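Q: Sharing a structure, written as structure tokens. Questions coming.
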Amino acid sequence: MKITKNEMIEKENNQTKRYPNLNTVLMVEDFLEEHRDVPISLRDLEKELPRKVMRQTLQVILEYLWKSGKIIFGPRGIQWIYVEPEHLKKMLSGSLEI
């Protein structure tokens, strides 16, 4: 799977690949971050997400999160590992939101 095209749907080997919108990616990120204590299986993740997400779309999201260093795939499931750097927290805490 490659996430390099801006197309929403791409045909690859007679399979339709669906690319997620930003709201879906953020929903999955937020869910995994809230449940960071325990690894979660792909099946359980699909069941517990607030909105239903197609498996192909979820796989694209998980590949993106893995490549960006936010999750890991272990023998017991998927787990959130990303920690926001302290210097970013300090910088954002003193900023003015417009």
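Q: Please name all residue pairs, on different chains or six or more residues apart, with Cβ atoms under 7 Å, provided the first residue is in the range 76-98 and is farther than 23 Å from PHE31 by Cα and the second residue is surrounded by 10 or more Cβ atoms within 10 Å (Cβ to Cβ) and at pLDDT 90 or above.
A: Pairs that qualify, where the first residue is farther than 23 Å from PHE31 by Cα and the partner is surrounded by 10 or more Cβ atoms within 10 Å (Cβ to Cβ) and at pLDDT 90 or above: there are none.
Q: Ok, one more. Name the pairs: first residue in the range 34-59 and closer than 13 Å to ARG76 by Cβ and in contact (Cβ under 8 Å) with a residue 12 or more places away in the chain, second residue of a type in the set (Lys, Arg) and part of a loop (DSSP other than H, G, I, E, B), Cβ to Cβ under 7 Å, at least 6 apart or on different chains?
A: PRO39/ARG76
Q: Still on this structure, please answer the following. Return the total of residues in the range 52-94 being surrounded by 12 or more Cβ atoms within 10 Å (Cβ to Cβ) and in a helix (DSSP H, G or I).
A: 11
The values are calculated or read from the model by the stated rules, or taken from the named source; none is laboratory data. Owing to the predicted nature of the structure, the values given are computational and were not obtained by experimental measurement. Neighbour counts are summed over all protein chains in view; Cβ atoms, including those assigned to glycine, are modelled from backbone coordinates with ideal geometry.
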